[in-house]
Amino acid sequence: GIASPDQSIPQELKNPIHLKTSGLVFNQKSGNGYTNEKIEFEIPQASGSAVGADYQAKTGVLTLHSQIQVTTNGDQEAHIDAAKATISKNPRNVVLERVHATSDGKTSDADKVELFLTKNNTVEHALASGNVHVEDKSKQAADLRANQLDLQMNDKGKGLRSAVFTGDVQMTSASEQKGGAQQMHL
C-alpha cells in the first residue's frame, strides 16, 4: 500500500455536489441515511436548500421532504420552489411536486415537474403536468394554461428547442403595438 495516501482534493471534479446539513443518521451497512434538519446544496448549475431528506443506497434515490428552494446559475437565473423532490440515478431524473418557478418576469406553476437528465446531469427535457400555468408579464404579455407542458432542450441543455402545451390549452396574450394594445384569446 501507499505509505502516506494523498488526501488532497482532486484538481478537477466533474459536476461536484456539495451538501451541508446536521443531524444526519447514516447506516454504514446499508449506506442509507436521513436527516430531518435543513440541507443546503450546491452544484455547478444551481444552489439551494430543503428541509429533511433520506437517501436509499440500494435504489440510488434521494428524497428531499419539504421546503425545496433552488436558484439556478447561468445566463438566465431562475428561482424554483417545490413541496417535495425525488432525485434518482436510474433513470436519471428529478421529480418535483407542487412547483412554482420565477425567471425574468415569467412565473410557472405545476402540480408535478419531471426533469430528464443526460449523463452529464444537464436537463435534456422537462415534463410539467397538472394545472400547468405559465405567465409572462413582459411587453409580449401572455397567460397560458394546460394539463401538460413538454419542454425539449437543445443539445447542450442551455436553451429551449421546443415547448408543447397539451390538454385543455387556454391562452391569453396582449402585446403593445403602435397606436394601442392588441389582445388575443385562444
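The values are calculated or read from the model by the stated rules, or taken from the named source; none is laboratory data. The structure displayed is predicted, hence computed values, not measured ones. Methodologically, a virtual Cβ is constructed for each residue, glycine included, from the backbone with ideal geometry; neighbour enumeration extends over all protein chains shown. Note: accessible area is taken over every heavy atom of the protein model, side chains too, but ligands, DNA and RNA are not part of it. Shrake-Rupley method; radii C 1.70, N 1.55, O 1.52, S 1.80 Å.
A few remarks follow.
- If you count Lys pairs in the range 32-186 whose Cα atoms are under 19 Å apart, skipping same-chain pairs closer than 8 places in sequence, the total is 12.
- Those trypsin sites (Lys or Arg not before Pro) in the range 21-110 that DSSP places in a loop and that have at most 15 other beta carbons within 10 Å: 29, 58, 89
- By the rule of a C-alpha distance below 18 Å, with chain neighbours fewer than 8 residues away ignored, the aspartates and glutamates paired with residue 29 are 54.
- Tensor-based shape of the range 88-129 (alpha-carbon gyration tensor, a/c under 1.5 rounded, otherwise prolate or oblate): oblate
- Loop GluC sites (Glu not before Pro), the range 58-136, which have at most 13 other Cβ atoms in a 10 Å radius of their Cβ (DSSP): 77
- Sorting 55, 34 by solvent-accessible area of protein heavy atoms yields 34, 55, largest first, with a 1.4 Å probe.
- In the range 50-184, a dipole from Cβ-located charges (positive for Lys and Arg, negative for Asp and Glu) runs towards its positive end, and of 53, 166, 88 it is 88 whose Cα lies farthest in that direction.
- Apportionment of accessible area to carbon and sulfur, the range 65-115, percent (1.4 Å): 46 percent
- Euclidean distance of C-alpha centroids, the range 49-67 and the range 73-115, integer Å: 16 Å
- Solvent-accessible heavy-atom area per residue, rounded to whole Å², over the range 93-145 at 1.4 Å: 55 Å²
- Label-point separation in nm, residue 140 to residue 43, each point 7 Å along Cα→Cβ: 2.9 nm
- Accessible area (Å², 1.4 Å probe, nearest 10) - residue 70: 30 Å²
- Dipole size of the range 83-151 about its Cα centre, with +1 on Lys/Arg Cβ and -1 on Asp/Glu Cβ: approximately 240 debye, rounded to the nearest 20.
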